[in-house]
Each structure stands twice: as structure tokens, then as C-alpha cells.
Amino acid sequence: MSFISTIYGQVEEHIFEHCKQVKLVVLDVDGVLSDGLIYLGNEGEELKAFNAKDGYGIKALKKIGVDVAVITGRRSRIVENRMTSLNVKHIIQGVDDKKQALLGLMHELKLTTEDVASIGDDMPDLGLFELSLIKVAVNDAHPVICQNSNFKTTLSGGRGAVREFCDLILQSRDALDNIFGASI
């Protein structure tokens, strides 16, 4: 097995090469874009924290023509607002069957499994993995997700894991140095 040196460390060469063909990156929210903690106030308000570095990575992917989607089991106005601010057009919330949601999106966008990478952290994300060439587990993902992934980030969910994978795609396309100015 051969490896490629990246800014985050060694990556299997076949994963690095597959990154060159990804057209869609699918993200879970809780535990991937956030640290998985859900803050609830006395009045029922919900708060989530998002990492600005992840946002920058998403904008950078879009800048080089890679589409981004969010598929999550929970429904949250916070997610809608944050993803809209990043110009993410495919925001699918409140779904129990992520695999079916992704199948529908792939059909709409005319994509195949070879075009898709997904990032997950827990059991509901296994359906996304079934339809993805690159199956990314964040560093603090559930062990079953890690066992079913073919790439594991060095960073945890909500702590830059999404940015790490975005940077890998950018580096695979020699575009990492060209993303300056992608406003978040």
C-alpha cells in the first residue's frame, strides 16, 4: 500500500486519487459540523456551535466546483441559516433514512457512487456510506462508523474535521493554495 504526504499526514494513495473525482460531499450535522452537543435553553431554544474553519473549507470546495449537501436526521433553523450563509443549496433535514435521501439527491444531480464522498460520525450515517466512494469518519466517530469508513480524519467533529477533508480534496487537485479569499 502506498501513501501520499498531505498537510495533515499520510493518506492512502487510492483515497487521495479518488478525491480528484469527487463531485459531491455529503455532511451530517451533529457530531460532524458540530461537536455533537445540543444546548437547550429554558425557553426551548436550541444552540449549536459551528467551526469557522469548516465553513471556509465548504466555501473553498464550492469555489472549485465541488457541490456540498447536508443530510441530517434533526430539523433545525440554525442549520438552515448556517448552510444558507455558506451557499449550500442541498439542505435535507428531518430524515430517518439518509440513504434514501441521498439516493434522491444523486438522482436529481445525475451522480453515481463514484462521484460522492460522505462524512459521518454515528450509526444513521451508514446509509450515506453505502452510496459513497469515500466514506469519512470523523476522529471521534462511533467505532462502527470507523470500521465502515475508508478514511478517518485526525480532527474531531465540530473541531475542523470537515475542513481537513475539504483540504484533502483541494490538495488532491492542486488547489489548496488558490482558496484564499473564500469568505465565510
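With the convex hull drawn around the C-alpha atoms of segment 94-156, the volume per residue stands at 79 Å³. Across segment 3-11, computed HN-Hα scalar couplings (Karplus, 6.51 cos²θ - 1.76 cosθ + 1.60, θ = phi - 60°) run 10, 10, 7, 10, 5, 9, x, 7, 10 Hz from first to last residue, x flagging Gly and Pro. Our coupling estimate for segment 114-131, obtained by passing each phi through the Karplus curve with A = 6.51, B = -1.76, C = 1.60 and θ = phi - 60°, is 5, 8, 10, 10, 10, 10, x, 9, 8, 3, x, 7, 4, x, 5, 4, 4, 10 Hz, Gly and Pro reported as x. Put a dot 7 Å past the Cα of Leu47, heading toward its Cβ, do the same for Gln147, and the two dots end up 3.7 nm apart.
Each residue of segment 65-82 was assigned a 3J(HN,Hα) from its phi angle through the Karplus curve 6.51 cos²θ - 1.76 cosθ + 1.60 (θ = phi - 60°); the sequence is x, 8, 7, 10, 9, 10, 10, 9, x, 8, 10, 8, 5, 4, 5, 4, 5, 5 Hz, with glycine and proline shown as x.
With a cut-off of 12 Å on the backbone N, the residues of segment 16-34 near the modelled label site 7 Å out from Glu114 along Cα-Cβ are 18, 21-22.
Each of Asp28, Asp97, Asp140 has some number of other Cβ atoms within 10 Å of its Cβ, and from fewest to most they run Asp97, Asp140, Asp28. Taking each pair of different alpha-carbon atoms in the chain once, compute 1/r for the pair, average those values, and report the inverse of that mean as the Kirkwood hydrodynamic radius in Å to one decimal. Mean inverse Cα-Cα distance, inverted, gives 16.2 Å. Net charge dipole, the chain: roughly 480 debye, given to the nearest 20, about the Cα centre with Cβ charges of +1 for Lys and Arg and -1 for Asp and Glu. Label point of Asn139 set 7 angstrom out along Cα-Cβ; within segment 158-176, amide nitrogens under 16 Å from it belong to 158-168. Computed from label points 7 Å out along Cα-Cβ, the spacing between Ile38 and Glu80 is 1.7 nm. Using r as the Cβ-Cβ distance of Gln100 and Gln10, and R0 as 30 Å, what FRET efficiency do you calculate, to the nearest 0.05? E(calc), rounded to 0.05, equals 0.25. Neighbour counts of C-beta atoms inside 10 Å place Cys166, Cys19 in the sequence Cys19, Cys166, starting with the fewest.
Where a number appears in this text, it was derived from the coordinates with a stated rule and is not lab data. What you are looking at is a predicted structure, and each value in this text was computed from that prediction instead of being measured. Virtual Cβ from ideal backbone geometry, glycine too; neighbours counted across all protein chains shown.
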